[in-house]
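Working notes, structure below.
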Amino acid sequence: MAPAPHLAPAAPAAPAGSPTADGEPPRGRGGGGGGGRGKAKASPPPGGITRRHRLRRDRALVLMTLPALLLVLVFAYVPLLGNAVAFKEFDPYLGDSFTESFTLSPWTGGENFQRMWEDPYFWSAVENTLLIFLIQLVFFFPVPVLLALLINSVISPRVRAWAQGVLYLPHFFSWVLVITVFQQILGGAGIIAQSMRENGWGDGFDLMTDPGFFKFLITFQAIWKDAGWGIIVFLAALAAVNHELYEAAAADGAGRWRRMWHITLPALRPVIALLLVLRVGDALTVGFEQILLQRTAVGTGAAEVLDTYVWNVGLENGDFGYAAAVGVVKGVFGLCLVLAANKTAHLLGEQGVYKK
């Protein structure tokens, strides 16, 4: 039998952190080698990630958002300085520039707000605005949700694309064209009224000049024009739903309605809550151009809303201070509605516009 080879004694282990024989630092967990595991992750600074580090890390995203922030600053926040006109009897002809006219215009304090409180036409406009908002909230807001569910249930991609195109198209029409289409259908000289007269069914009708039907008329116009565009957000939310949930529910014996109730609607609930909060915030904004074009046909008693009221007293009558006071009240009331609606969304377990 051959004798066993002579084994050299093992070298003593180097202490932690000491260099190796070739002068290189040890390749432990923090040394970058890690036995082929790749480079070690960079550890955060001792004080945590500072704002400077975040800006340096996300500088590309910050640069992308700068144009949008600039637009919001110029067109949303800078005009807020003009709300000071609400506390003045502003006359644009007192000076050669807006600054000079603003400086020379006398201060009135809260006189414009007191006048607004005592103005019956202002309260009539508020009543019409809130009534139109409630009608549109009941009849218009659910329509995009229902259309999204209907389109999402279509199996054929070609039919789905065709339906989306047909529903989107009216959004790109101007309000002048939309009102003209409704005039040719529901007006006194429209196709329905002419058909009734030709067949001896009375003298026809004219819904375009009916003050009692006006609030429902503008709601139907808004549905036809904008409901198809509103389903985009809901279809995007439905596209994010995991289809394995539908397959598992179908395997458990759930029918179409139960799958929609337990899978589809819970997936849409956060989006519905968010859009509902935003819609409540716009409760006092109910279609300025649409109503202004039809106001003379039905009278100011049925069609005067806050936006047309501000247009009338501010631009047509030149009472800029009073119109600005109405705009300030409208903005404050809208902010309170957003905060209240968002708080309600939090109580119902939804995020709303912002987190708690």
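The values are calculated or read from the model by the stated rules, or taken from the named source; none is laboratory data. Quick caveat: nothing in here was measured; it's all calculated off a predicted structure. So basically every Cβ, Gly included, is an ideal-geometry build from the backbone, and we count neighbours across all protein chains shown. These accessible areas exclude ligands, DNA and RNA; they are computed on the full protein's heavy atoms, side chains included. Shrake-Rupley method; radii C 1.70, N 1.55, O 1.52, S 1.80 Å.
How would region 112-222 be classified by its alpha-carbon gyration tensor: rounded, prolate or oblate, with rounded meaning a/c under 1.5 and the a/b versus b/c comparison settling the rest?
oblate
When Lys and Arg each count +1 and Asp and Glu each count -1, what net charge do the other residues less than 11 Å away from residue 175, Cβ to Cβ, add up to?
-1
Under the classification rounded if a/c is under 1.5, otherwise prolate if a/b is larger than b/c and oblate if not, where does region 207-303 fall, given a ≥ b ≥ c as square roots of the Cα gyration tensor eigenvalues?
Because a/c hits 1.5 or more and a/b exceeds b/c, region 207-303 counts as prolate.
What is the calculated FRET efficiency for residue 196 to residue 257, with r their C-beta to C-beta distance and R₀ = 45 Å, to the nearest 0.05?
According to the calculation, E is roughly 0.65.
If R0 is 25 Å, what FRET efficiency do you get for residue 229 and residue 300 from their C-beta distance, rounded to 0.05?
0.25
Sticking with the crude label model, points 7 Å out along Cα→Cβ, report the distance from residue 343 to residue 60 in nm, one decimal please.
Those two pseudo-labels are separated by 4.3 nm.
Under the rule of at least 5 residues apart or a separate chain, name every residue whose amide H is placed under 5 Å from the amide H of residue 88.
108
In whole Hz and in residue order, list the ³J(HN,Hα) couplings for region 127-139 that follow from phi through the Karplus curve 6.51 cos²θ - 1.76 cosθ + 1.60, θ = phi - 60°; x for Gly and Pro.
Per-residue couplings from phi come out as 4, 5, 5, 5, 5, 5, 4, 5, 5, 5, 5, 7, 9 Hz.
Give the relative contact order (percent, whole number) for the chain; include only Cα pairs under 8 Å separated by 6+ residues.
Worked out over the chain, it gives 19 percent.
Report the calculated FRET efficiency for residue 98 and residue 317 (r = Cβ-Cβ distance, R0 = 25 Å), to the nearest 0.05.
That gives a FRET efficiency of 0.85.
Between residue 68 and residue 138, what is the label-to-label distance in nm when each label sits 7 Å out along the Cα-to-Cβ direction?
Each label point lies 7 Å from its Cα, and together they span 3.7 nm.
Mind listing the phi-derived Karplus ³J(HN,Hα) values for region 80-96, rounded to whole Hz, using 6.51, -1.76 and 1.60 with θ = phi - 60°, and x for any glycine or proline?
4, 5, x, 5, 5, 4, 5, 9, 10, 9, 6, 10, x, 9, 6, x, 7
Per 10 Å bin, what is the whole-percent P(r) computed from every C-alpha pair distance within the chain?
4, 14, 19, 20, 16, 10, 6, 5, 3, 2, 1, 1, 0
Sequence gap of 8 or more, or different chains, plus Cα separation below 26 Å: how many lysine pairs satisfy both in the chain?
9
Using a 1.4 angstrom probe on the protein heavy atoms only, line up 209, 308 by accessible area, largest first.
Final ranking, largest accessible area leading: 209, 308.
Taking 0.36 nm per intervening residue step and subtracting the Cα-Cα distance, what contour gain separates residue 162 from residue 84 on full extension?
Gain on extension, residue 162 to residue 84, equals 23.0 nm.
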